[in-house]
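The values are calculated or read from the model by the stated rules, or taken from the named source; none is laboratory data. Model, not experiment: these values are computed from the prediction. Please note: Cβ atoms are built from the backbone with ideal geometry, for glycine as well, and neighbour counts cover all protein chains shown. Ligands, DNA and RNA are stripped out before the accessible areas are found, and what is left, the full protein with its side chains, is counted by its heavy atoms. Shrake-Rupley method; radii C 1.70, N 1.55, O 1.52, S 1.80 Å.
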Amino acid sequence: MLVRILDYGCTITEIVVPDREGIYENVVLSLDSIDEYQCSSPYFGCIIGRVAGRIKNAEFELGGINYKLEKNDCRNCIHSGSSGLHQVVWAGKVINEKSRVGVRFSYLSVNGEGGFPGNLWINVTFTLNNLNELEISYEAVSDEKTIVNLTNHSYFNLSGNLKADIRNHWLKMESNEFAELDDEKLPTGKLIDVDGTPFDFREWRQLKNGMNSNDRQNRIVGAGYDHPFLLNNDKRIVLWDKESGRTLKISTTEPAVVLYTGNSLEGEFTIRGIKARKYLGLCIETQALPDAVHHAHFPSIFLERDGKYQSCTVYQFGLAN
Ligand code: G6D
């Protein structure tokens, strides 16, 4: 398999893996030029941070100080605003070892960048091994107490080269609860039991169940999923495209994932020649729960001064009949 990554936003532009006939195709959504990434990308393949997800009213309080962020999603902040980590150029160092190859990207997000406190030194290391595992590991340290919640925003489509959309993909995920969203797609703070709902992926479920569902939570996000799921201790997540046979197994140290089925993936742009449309890709963003800074009962995203943020997610590609 082959993986291509840009130093611009640590953006994954290609993950090329075989289908059951041995045909190698790209299984992530990506664009042809940096200009397109800067003008029309809905975060295709890039790192998200300092804090992934929405932050209510684009502000938070820390140590008695009220920090103001960019209001780039109505009155809220999403994905840390236009100065987020997705649009900076990272310094890359090649890793070339016997059992794995990759790149280690580094960036210093200076105190106040995006509105966040603390100088934050960040390393993001991508490695690929001979088990067809792509590992992304994140490390960060800060000289002041701050908040951090990093993820990768790749859109997967296992059909290969966007031959089909993701509605018929199957998903299995060990999660008993998902976070209820309000009309602004912000967590209300309530965690809902998946049992008996289209959000129950503990057995195999096709994603189109969410698109066709009358459940209010599926409707308010544009007919599909755009929800945080709290993972069980066994954090196995498996995505499967029956047509091609391709599978993606995800394991992570993170407590949650946001499952986003590309419900807003519309716009006057093409994705490597294919007109953008709903459901062309889905994101499984490993992270803490969004807006955790406003919900004390959510897993914490505070990083203490001289503490160390560490996170690791492994994407293993394979085939299954
Ligand atoms: C939409 O609500 C979704 C987000 O979850 C996603 O990250 C973004 O599009 C790309 O705003």
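Structure data summary
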quantity: Selected residue (criterion: farthest from the ligand (Cβ to nearest atom)) from residues of the range 257-275 that are of a type in the set (A, V, I, L, M, F, W, C) and assigned to a strand (DSSP E or B); calculated: Ile274
quantity: Test: residue in the range 90-98 that is closer than 22 Å to Phe156 by Cα and touching a Gly at 6+ places or on another chain (Cβ under 7 Å); calculated: no
quantity: Condition met for Arg54 (within 15 Å of the ligand (Cβ to nearest atom) and in contact with a helix residue (DSSP H, G or I) (Cβ under 9 Å, 6 or more places away or on another chain)); calculated: no
quantity: Every residue from the range 4-32 that is within 28 Å of Ser109 (Cα to Cα) and either open to solvent by 40 Å² or more (accessible area, probe 1.4 Å) or modelled with pLDDT under 95 (or both); calculated: Arg4, Ile5, Leu6, Asp7, Asp32
quantity: Hits in the range 211-236 - residues which are polar (S, T, N, Q) and either within 16 Å of the ligand (Cβ to nearest atom) or open to solvent by 60 Å² or more (accessible area, probe 1.4 Å) (or both); calculated: Asn212, Asn214, Gln217, Asn218, Asn233
quantity: Pairs where the first residue, in the range 244-264, is over 20 Å from Lys185 (Cβ atoms) and the second is among the aromatic types (Phe, Trp, Tyr) and within 16 Å of the ligand (Cβ to nearest atom), C-beta under 9 Å, 6+ apart; calculated: Leu248/Phe156
quantity: Wholly within the range 1-62, strands (runs of 3 or more DSSP E) carrying at least 2 residues that are more than 30 Å from Thr188 (Cα to Cα) and over 18 Å from the mean Cα position of the chain (by Cα); calculated: 12-18, 24-26
quantity: Residue check, Phe126 open to solvent by less than 40 Å² (accessible area, probe 1.4 Å), within 15 Å of the ligand (Cβ to nearest atom) and assigned to a strand (DSSP E or B); calculated: no
quantity: Any chance Thr197 is modelled with pLDDT of 95 or more, among the β-branched types (Val, Ile, Thr) and touching a strand residue (DSSP E or B) at 6+ places or on another chain (Cβ under 6 Å); calculated: no
quantity: Hits in the range 63-83 (condition: part of a loop (DSSP other than H, G, I, E, B) and either over 21 Å from Arg305 (Cα atoms) or within 11 Å of the ligand (Cβ to nearest atom) (or both)); calculated: Glu70, Lys71, Asn72, Cys74, Arg75, His79, Gly81, Ser82, Ser83
quantity: Options Lys208, Lys249, Lys278: the member that is at pLDDT 95 or above, within 12 Å of the ligand (Cβ to nearest atom) and among the basic types (Lys, Arg); calculated: Lys278
quantity: Residues of the range 145-176 satisfying the condition of being open to solvent by 40 Å² or more (accessible area, probe 1.4 Å) and assigned to a strand (DSSP E or B); calculated: Trp170, Lys172, Asn176
